[in-house]
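A.B. asks: Here it is: the structure, laid out below.
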Amino acid sequence: PEELPPVMVEAAAEIWEVCSPEDAGALMSGCASESVVCCSFSVAYADGMEAQSKALRELAAAQPAGFVFASVDMKESPEVAIWAGATKPGCRLVQPDGVLLDEISPAEAKQGNLHKKVLCHARRIAAAAEPKLETLARRFPGALSDQAMMIPVKDDVSKMKQHGLKSLQQVGASTAEEACFEGLCKSCASASAARVRDVAGMARILRDFPVGESLPFLDLARRLAALKLLGGTEPGSYQALELLLDAVLRAALDDEGRYPKRMLMALQCVSELQGQAALCEAVLPVAGQLVRTDCWALMWSPTWCDGKEHARVR
């Protein structure tokens, strides 16, 4: 345990609970080929279970390179244990193709051997990743920067609200659309959850209005994302968020990269949402599609967005 890096107090230990062979197959197929799955097979009240569970949580919170953590209750889900070929409690280190790398008993986990073996494999994975990262860095200059530079978000929403209302009036927006925009501005100012109907209305505004008038609405979307005011527990929240995210990307991204500031705001909206534990899994497919676009490749061009007017995203 002393070899683990410092972990934030609020760090979440992401451990996948596998309840069926289908869950196991989906987990394995979703892992990168270079990764390793550390799976705990447990039986309630068996010897060493508390130490094994504690070790797994500590490792998962530390997030060692290339590792995915999972757990199986052998009593509740015996079919998973049979599928995996596990006949007794312990931890297994398995490649996504099913190759068993190592097996650690509860007693060994209690002695710290699980930590040692996981960190040993993590060092190997990290070392193998270095040349790949260097290749990416050559392709996308600045991609390995440790600072994210984005258009700063100001606390005061009055100027954004003023520009947004002016844009709405210029395009002949309805009273309901203006009320929707003002409602979301109020949510930002008070840091209160955005109403579903207002989020859906903002998606409609971004989708239907001219791209040239979209800047204040993109600014509002990224503010809502940064303040964690989207995707709440109210019925329809996720559907409204999906509509808004689609509208944001459609309004901001184009193959020619003509609107750097809009592109940066859209990317900041996506990154803020992906950084939230409750939304990261839902947003991941969007991010996966985004990095395959011509627009994404264009952003890493040395000639794109070089002026003082805009910041670079690295």
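The values are calculated or read from the model by the stated rules, or taken from the named source; none is laboratory data. Worth saying up front: this structure is predicted, and the values here are computed from it rather than measured. Here the Cβ is made from the backbone with ideal geometry for all residues, glycine too, and neighbour counts use every protein chain on show. The accessibility values were calculated without ligands, DNA or RNA, using every heavy atom of the protein model including side chains. Shrake-Rupley method; radii C 1.70, N 1.55, O 1.52, S 1.80 Å.
A.B. asks: Suppose we keep only residues that are under 19 Å from the mean Cα position of the chain (by Cα) and open to solvent by less than 30 Å² (accessible area, probe 1.4 Å) within the range 28-65. Which one would you say is farthest from residue 110 (Cα to Cα)?
C.D. replies: 31
A.B. asks: Identify the residue in the range 117-138 that is over 16 Å from residue 32 (Cβ atoms) and modelled with pLDDT of 90 or more and, among all such residues, is most open to solvent (accessible area, probe 1.4 Å).
C.D. replies: 123
A.B. asks: A further question on this structure: Go through the range 76-87 and give me each residue that's open to solvent by 20 Å² or more (accessible area, probe 1.4 Å) and either touching a helix residue (DSSP H, G or I) at 6+ places or on another chain (Cβ under 9 Å) or in contact (Cβ under 8 Å) with a residue 40 or more places away in the chain (or both).
C.D. replies: Listed by number, the residues that qualify are 76, 79, 82, 83, 84, 87.
A.B. asks: Also, I was wondering about something else. Does residue 168 qualify as being over 27 Å from residue 281 (Cα atoms) and either among the β-branched types (Val, Ile, Thr) or part of a helix (DSSP H, G or I) (or both)?
C.D. replies: Against the criterion (over 27 Å from residue 281 (Cα atoms) and either among the β-branched types (Val, Ile, Thr) or part of a helix (DSSP H, G or I) (or both)), residue 168 qualifies.
A.B. asks: Out of everything in the range 4-16 that is of a type outside the set (A, V, I, L, M) and surrounded by 12 or more Cβ atoms within 10 Å (Cβ to Cβ), what residue ends up being modelled with the highest pLDDT?
C.D. replies: 16
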